[in-house]
Every structure is written in structure tokens, then in C-alpha cells.
Amino acid sequence: MCGEFLSPGILPQLEQLGLLESFLAAEPARIHRMVLNYGRVEKTAKLPDTAYGLSRFVLDKLLYDAAVSAGAQAAGASAPPGVAPVVLATGRRAVAPRGKRLFGFKSHYRGPVGDAVELYFFRGGYVGVSPVESGLTNICGLASEDILRNWNFRFDDLVASVPTLNRRISPLTREMGWLSTGPLVFRTESRKNPVEGLYPAGDALAFIDPFTGSGMLIAVTTGSMAGSAAAQNLPVRDYLQKCAGLLNRPFEFSSIFRRVLTAGVPSLLARLTPGVLLYRLTRPRLS
Ligand SMILES: Cc1cc2nc3c(=O)[nH]c(=O)nc-3n(C[C@H](O)[C@H](O)[C@H](O)COP(=O)(O)OP(=O)(O)OC[C@H]3O[C@@H](n4cnc5c(N)ncnc54)[C@H](O)[C@@H]3O)c2cc1C
């Protein structure tokens, strides 16, 4: 369940893991532009570097197989912390009060392929359109529970109700059923309650708003950092401090942007969004 947009910073991370060749062999889509659509207002910008689109079916298998062949053991839910260092990479885990919950939804479409990551904002949510491998386009959105209930959780009807998005995807055909996930809560709990021997990475460490397209870059980066820290038995507090240096800025900026969005005024966003600067501010600080 993902927009499957990979920030340019992913390339050096994969190279460091010895996975660059197999990543490129999977022929990820190349993404050169970003489009932010707020209804009548649309902003387009060239991305500072090439970004990529690769389905999670392919990317996750690549990463998992590489971790296992490098000696990692899948520990499962029952691994007792303290026995051996554990990298906690179990993804999001959150509860949220009913009514205010956010849910994500995603499908793959076939048809003319673009070279941009496009975000269509509407009251209470947004939908991304972004190419992946094999001529497919990922359509992935996030909306509040009340909006989704208005559409009876029929995602086809929801996307068709946003005129600019409807026009964009009308030449495309949906290739798979909708996947959905939630509730989505943007939390950083495990950073506040460290457990010795347990190194949280990716969404288990902190979940950033999907519109940033930084989640997988953060997951791969902190996954590598957690693995190194675990191998060296670093104090978990020191590891978490390193992560904070990397993540505080993108989390602060994405939460400001999200608050404007959930206030229900996407047109305000159009005026406030500093174009490609927003893109830069929501990337982790990689050296
Ligand atoms: C709607 C939506 C759109 C998104 N779009 C993008 C995007 O376009 N680009 C981007 O970079 N990021 C995006 N993200 C964020 C991105 O998906 C996450 O940041 C990323 O998947 C985090 O990776 P992870 O490995 O930490 O967690 P996950 O990808 O959630 O993986 C965790 C895995 O661990 C498994 N697991 C859980 N518990 C256990 C256990 N006890 N034992 C064994 N396995 C377990 C889970 O089943 C899961 O497969 C999006 C997120 C959402 C919700």
C-alpha cells in the first residue's frame, strides 16, 4: 500500500547496500517533474534530480532477499528484546479516534505513462498519480473517514468526483482491485520510549505524511542505520539521536503542510506552497 514514488536520494542508499544494479534491472519508471494541482490552480516544477517509480511487489522482495542473504534473520513478533539486538521494521502501528481517521487507498492503472509525480488536492484529502515499471501508473490517495463515508468507500467514485483528476485518469484503465489501509497516524512514539537492544526503523520509528514521497527513502536509510547500530551494539539513545538529526526537519514541515490541508482549504495551499522548496524541505538530511 504505497504511492511507490522513490525520492532521488534512494539511489546512493541502494548503491551502498549493493543493490543499485538489481534496482535498475527492474526498470523503474523515471520521474522528472512534479505537478501540484489544487483544483483551478496548478503548479509544475522540474525535480532537482531524477526520482523513480517501482512497485512495492518488486522493491520489497529485492530488499528482503538482500537482507536475508546478508545474514539477517526474520525475527517475527515474539523476538524478546535484550536477547540479541533487534531491528524493529514492522511498519506503522496506531489507533485513532473514530470519525477523524485518515485512510489510504491505491491501485495500478494501465495506459499512457507520464514522467511526473502529480498530486491532486481536494477538501479532506489528496490523490497522487505516478508512473511505476512495466507501463503502469500508480494511483494512490489519502482521505478522511467522513469524506470516504460520503462515497461509501467507493474509491472509483471518489477519484471521479475531483474534476481535474478525473480528466487526468480517464484515458487509463484500472488493472487491479483497490487496496486500502488505515487509520494513518503520524506518530513518533518509539523515538520517545527507547528500549535497549531494539532499534526501530522506517515507519516503526516515525511515519511521515505520504505526500512527501519520503517514506521509503527514510525507511531504507534508517533501516541501514539501525542495522549498523545493532551490529555495533550502539546505545539505542545514540542511534535515535542520529535519526532525529535526519528526520526532524522533514517532519516539522510536512506537519505544517498537513495542518493547512486538514483545515480544509486546499486553495490556501496553492498560495502558501513554495513549489520545489516544499519538496526540498520534506526530504531527510542525508550526508
Ligand atoms: C497511502 C500511502 C501512500 C504512500 N506513498 C508513498 C510514496 O509514494 N513514496 C514513499 O516513499 N512513501 C510512501 N508512503 C510511505 C511508505 O509506504 C512507508 O514509509 C514505508 O512503507 C515504510 O516502510 P517500512 O518497511 O518501515 O514499513 P512497511 O512497508 O509497513 O513494512 C513493514 C512490514 O512488516 C510486516 N510486519 C509487521 N509486524 C511484523 C512482525 N511482527 N513480524 C514480521 N513482519 C511484520 C508488515 O506486514 C509489513 O509488511 C506511503 C504510505 C501510505 C500509507
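The values are calculated or read from the model by the stated rules, or taken from the named source; none is laboratory data. If you're wondering where the values come from, they're calculated on a predicted model, not measured in any experiment. Counting neighbours? That spans all protein chains shown, and the Cβs are built from the backbone with ideal geometry, glycine included. Please note that ligands, DNA and RNA were not included when accessible areas were found on the heavy atoms of the full protein model with its side chains. Shrake-Rupley method; radii C 1.70, N 1.55, O 1.52, S 1.80 Å.
Does Gly3 satisfy being of a type in the set (Gly, Ala, Ser), in contact with a Lys or Arg (Cβ under 9 Å, 6 or more places away or on another chain) and either part of a loop (DSSP other than H, G, I, E, B) or more than 30 Å from Thr164 (Cα to Cα) (or both)?
yes
Of all residues in the range 7-59, count the ones that are hydrophobic (A, V, I, L, M, F, W, C), closer than 18 Å to Cys140 by Cα and outside any helix (DSSP H, G or I).
7
Any idea how many residues of the range 234-287 are within 26 Å of Lys192 (Cβ to Cβ) and modelled with pLDDT under 70?
Matching residues across the range 234-287 total 3.
Any residue that is more than 10 Å from the ligand (Cβ to nearest atom), in contact with a strand residue (DSSP E or B) (Cβ under 8 Å, 6 or more places away or on another chain) and farther than 17 Å from Arg168 by Cβ - is there at least one of those in the range 34-44?
no
What are the residues in the range 1-18 that are open to solvent by less than 50 Å² (accessible area, probe 1.4 Å) and either more than 20 Å from the chain's Cα centre (by Cα) or touching a residue at least 60 places away in the same chain (Cβ under 8 Å) (or both), if any?
Hits for the range 1-18 are Cys2, Gly3, Glu4, Phe5, Leu6, Ser7, Gly9, Ile10, Gln13, Leu14.
Of the residues Ala219, Ala226, Ala230, Ala244, which is touching an Asp or Glu at 6+ places or on another chain (Cβ under 7 Å), part of a helix (DSSP H, G or I) and touching a residue at least 12 places away in the same chain (Cβ under 8 Å)?
From the options Ala219, Ala226, Ala230, Ala244, the qualifying one is Ala219.
Looking only at the range 14-35, which residues are closer than 11 Å to Tyr52 by Cβ, touching a helix residue (DSSP H, G or I) at 6+ places or on another chain (Cβ under 8 Å) and of a type in the set (Gly, Ala, Ser)?
If the condition is that a residue be closer than 11 Å to Tyr52 by Cβ, touching a helix residue (DSSP H, G or I) at 6+ places or on another chain (Cβ under 8 Å) and of a type in the set (Gly, Ala, Ser), then Ala26 is the only one that fits.
Quickly run through the range 181-219 and pick out the residues that are among the β-branched types (Val, Ile, Thr) and more than 8 Å from the ligand (Cβ to nearest atom).
Once the filter is applied, which keeps residues that are among the β-branched types (Val, Ile, Thr) and more than 8 Å from the ligand (Cβ to nearest atom), the range 181-219 yields Val185, Thr188, Val195.
Residue by residue through the range 28-43, note down the ones that are closer than 30 Å to Phe57 by Cβ and either aromatic (Phe, Trp, Tyr) or surrounded by fewer than 13 Cβ atoms within 10 Å (Cβ to Cβ) (or both).
Once the filter is applied, which keeps residues that are closer than 30 Å to Phe57 by Cβ and either aromatic (Phe, Trp, Tyr) or surrounded by fewer than 13 Cβ atoms within 10 Å (Cβ to Cβ) (or both), the range 28-43 yields only Arg30.
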